[in-house]
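Worksheet for the structure shown next.
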Amino acid sequence: MSSQLSVILENPELAEQLLPEAQTRGFVTAMAAAPHVLDPAEWLAFLWGGEEVSPFTTQEDLESYANAIINLWNETRESLLLNTWSWPEDCALDDKELVTEATRDFSEGLLQGWQLARDDWETIMPEDTEDSALLGGVLLSISLLYDPENAMQALSEEGADGLAQFEEIFKSVPLMLCGLSQRAHALTSN
C-alpha cells in the first residue's frame, strides 16, 4: 500500500473515523475488480462510514487521502487485470485464529465494496451461468475467510479436513479474483 495512505490512516484523529487499512484495501480491491469503473466520488465516502462530511479538517488532507485511494485503485486494477494481484502483506493464515485480523478486515472490506457493485455484477453474470458460478465461488471464499470459525465448522460437518481446505481457499483467492476481474473486463469491453 502506498506509504502516503498508511501515514494518513495512522493519524490517531482519523483512525477512529476511517476504515482500517486492510478493510480499506479490501474495499478498494472490490471497486477495482468491479465490471464497470465506478467514479470514486460515488464510493469514497463509504471509507469514512458514508457520512456526507469527510473527517478531514482541510481540503488538502482530503485531496491527499483521495489521491492515495485512487493510486491504490490504479495499482490494484492493473494487478488484477495483469494476473499479478496477491494478498496484502499482512493478510495471512494464522495457526490459532485461522486467519489474521488483516485477512478478516480485508475480506470484510471486499464484501462491503461488492455490495456497491452488486447490480453490475448480477447484470453481466446472470444467475445459472458459468460466470455466475465463478462470481459465487469468489464471494463464498471471501465470506469463509471473513468468518473462519463457521467455515471450519461447516467444512468439518462435510467431512473435509477443514484446515487443509481453508489453506486451499486462501491460496486460491488471488487467482480467483484476477480471473473474475479479467472475465468482467472482457464482458464489459465488447
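The values are calculated or read from the model by the stated rules, or taken from the named source; none is laboratory data. Model, not experiment: these values are computed from the prediction. We place every Cβ from the backbone using ideal geometry, glycine too, and count neighbours over all the protein chains shown. Surface accessibility is based on the protein's heavy atoms, side chains included, excluding ligands, DNA and RNA. Shrake-Rupley method; radii C 1.70, N 1.55, O 1.52, S 1.80 Å.
Is it true that Leu177 is among the aliphatic types (A, V, I, L, M) and either open to solvent by less than 30 Å² (accessible area, probe 1.4 Å) or under 14 Å from the mean Cα position of the chain (by Cα) (or both)?
yes
Of the set (1) part of a helix (DSSP H, G or I); (2) open to solvent by 40 Å² or more (accessible area, probe 1.4 Å), all apply to Gly159 but (1). Can you confirm whether Ser6 is buried (at least 17 other Cβ atoms within 10 Å of the Cβ) and of a type outside the set (A, V, I, L, M, F, W, C)? Spelling it out, it is not the case that Ser6 is buried (at least 17 other Cβ atoms within 10 Å of the Cβ) and of a type outside the set (A, V, I, L, M, F, W, C). The number of residues in the stretch 38-66 that are surrounded by fewer than 13 Cβ atoms within 10 Å (Cβ to Cβ) and either basic (Lys, Arg) or not in a helix (DSSP H, G or I) (or both) comes to 8.
Listed by first and then second residue, the pairs linking a residue in the stretch 83-101 that is closer than 14 Å to Ala22 by Cβ to a residue that is in a loop (DSSP other than H, G, I, E, B) and β-branched (Val, Ile, Thr), with Cβ atoms under 7 Å apart and 6 or more places separating them unless they lie on different chains, are Asp90/Thr100; Cys91/Thr100; Ala92/Thr100; Asp94/Thr100.
I'm checking my understanding of the structure. Among residues of the stretch 138-156 that are over 24 Å from Glu122 (Cβ atoms) and open to solvent by 20 Å² or more (accessible area, probe 1.4 Å), which one is modelled with the lowest pLDDT? The qualifying residue modelled with the lowest pLDDT is Leu155.
Yes/no matrix, rows are residues, columns are (1) open to solvent by less than 10 Å² (accessible area, probe 1.4 Å); (2) assigned to a helix (DSSP H, G or I); (3) without any contact (Cβ under 8 Å) to a residue 60 or more places away in the chain:
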{"position": "Ala68", "(1), (2), (3)": "yes, yes, no"}
{"position": "Asn71", "(1), (2), (3)": "no, yes, no"}
{"position": "Ser107", "(1), (2), (3)": "yes, yes, no"}
{"position": "Gly113", "(1), (2), (3)": "yes, yes, no"}
{"position": "Ala133", "(1), (2), (3)": "no, yes, yes"}
{"position": "Gly136", "(1), (2), (3)": "no, yes, yes"}
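Hey, could you check the stretch 115-131 for residues that are of a type in the set (A, V, I, L, M) and out of contact with any Ser or Thr (no Cβ under 7 Å at 6 or more places or on another chain) and say which is surrounded by the most Cβ atoms within 10 Å (Cβ to Cβ)? First the steps, then the outcome.
So in the stretch 115-131, the residues of a type in the set (A, V, I, L, M) come out as 116-117, 124-125.
So of that shortlist, the ones also out of contact with any Ser or Thr (no Cβ under 7 Å at 6 or more places or on another chain) come out as 116-117.
Numbers: Leu116: 16, Ala117: 18.
Ranking the candidates gives Ala117 first.
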